[in-house]
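I have placed the structure first, in the form of structure tokens, so that the comments after it can refer back to it.
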Amino acid sequence: MKGFPLPAVTLADRFRGYYPVVVDVETGGFDCEGDALLEIAAVLLEMTPEGRLRRSHTVSTHVVPFPGSNIDPRSLEITGIDPSHPLRAALDEREALDCIFEPVRKAMKAADCTRAILVGHNAAFDLSFLNAAIRRTGHKRSPFHPFSTFDTVSLAGLTIGQTVLGKALHMVGLGWNSKQAHSAIYDAEQTAELFCAIVNRWRELQATTTDASSMAALLTPA
């Protein structure tokens, strides 16, 4: 069977022009149309000259619940968010989207990519809340693909047999602090670490396979 080609060493080539951005949202429930969006964090990524993916920096903001939105008290118990806290410095949804989208667009262009793609743990959930906020605000300049994602639940399940974020991180030798979990920044940064670990391990495996195939070809009699 023919092996897979060695992955590209630039972001633009590695993901077919897509710029991966790891996103986590904290919300007032599970209904993206009716429940409040409370926090957004986005981790920007970069590629080293050797083709290894790594975290670049994180942008985040608290979000003011949109008018008429629901907030389930059980969600606040899990996240520890107090929407009425005077020091929360939350932004209205439109401003919050701009806070996230502007640095994403800059990083995307710097990497010569044409579109951002959301990476998340259960990515459909994060994207649904992001898209709902985009619809509510009439935002016309989202850099994200409207439905395609990279989901670390699927990637981790395939590669290491774990789908729970904390367990998957432990499997690849990374830490997980349950006391910090359910903060958009912490969850996004840990998801980014997992995504990078999986992508980089795939490159290492392909490099080893390519080297082995090349050696086998040299040793095979004509």
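The values are calculated or read from the model by the stated rules, or taken from the named source; none is laboratory data. Since the structure is predicted, the reported quantities are computational estimates derived from the model, not experimental observations. Quick reminder, even Gly has a Cβ in these numbers, built from the backbone with ideal geometry, and neighbours come from all protein chains shown.
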Worksheet item: Assuming Gln162 fulfils every condition listed in (1) within 17 Å of the chain's Cα centre (by Cα); (2) modelled with pLDDT of 95 or more; (3) surrounded by 14 or more Cβ atoms within 10 Å (Cβ to Cβ); (4) not in a helix (DSSP H, G or I) apart from one, which condition is it?
Response: (1)
Fill in: Matching residues, segment 17-76, being under 20 Å from Asp92 (Cβ atoms) and among the β-branched types (Val, Ile, Thr)
Val23, Val25, Thr27, Ile40, Val59, Thr61, Val63, Val64, Ile71
Worksheet item: Within segment 71-111, restricting attention to residues that are more than 18 Å from Ala41 (Cβ to Cβ) and of a type in the set (Asp, Glu), which residue is surrounded by the fewest Cβ atoms within 10 Å (Cβ to Cβ)?
Response: Glu77
Practice prompt. State whether one or more residues within segment 51-61 are surrounded by 14 or more Cβ atoms within 10 Å (Cβ to Cβ), over 21 Å from Ser183 (Cβ atoms) and among the aliphatic types (A, V, I, L, M).
Written response: yes
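In segment 169-185, what residues are closer than 19 Å to Ala41 by Cβ and either in a loop (DSSP other than H, G, I, E, B) or without any contact (Cβ under 8 Å) to a residue 40 or more places away in the chain (or both)?
Going residue by residue through segment 169-185, those that are closer than 19 Å to Ala41 by Cβ are 169, 174-185.
Once the filter is applied, which keeps residues that are closer than 19 Å to Ala41 by Cβ and either in a loop (DSSP other than H, G, I, E, B) or without any contact (Cβ under 8 Å) to a residue 40 or more places away in the chain (or both), segment 169-185 yields Leu169, Leu174, Gly175, Trp176, Asn177, Ser178, Lys179, Gln180, Ala181, His182, Ser183.
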Fill in: Identity of the residue in segment 1-50, outside any loop (DSSP other than H, G, I, E, B) and of a type in the set (D, E, K, R), that ends up farthest from Ser183 (Cα to Cα)
Asp13
Response to the item:
Given (1) within 16 Å of Phe129 (Cα to Cα); (2) out of contact with any strand residue (DSSP E or B) (no Cβ under 6 Å at 6 or more places or on another chain), Ala41 misses just (2)
Practice prompt. Please state which one of Asp187, Asp126, Asp151 is within 18 Å of the chain's Cα centre (by Cα), among the acidic types (Asp, Glu), crowded, with 19+ Cβ neighbours inside 10 Å and more than 21 Å from Leu53 (Cα to Cα).
Written response: Asp126
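Considering segment 72-94 alone, what residues qualify as being outside any loop (DSSP other than H, G, I, E, B) and within 13 Å of Ser60 (Cβ to Cβ)? Talk me through it step by step, then tell me what you get.
The first filter runs over segment 72-94 and keeps only residues outside any loop (DSSP other than H, G, I, E, B), leaving 73-79, 91, 93-94.
Leu91 - this is the single residue of segment 72-94 that is outside any loop (DSSP other than H, G, I, E, B) and within 13 Å of Ser60 (Cβ to Cβ).
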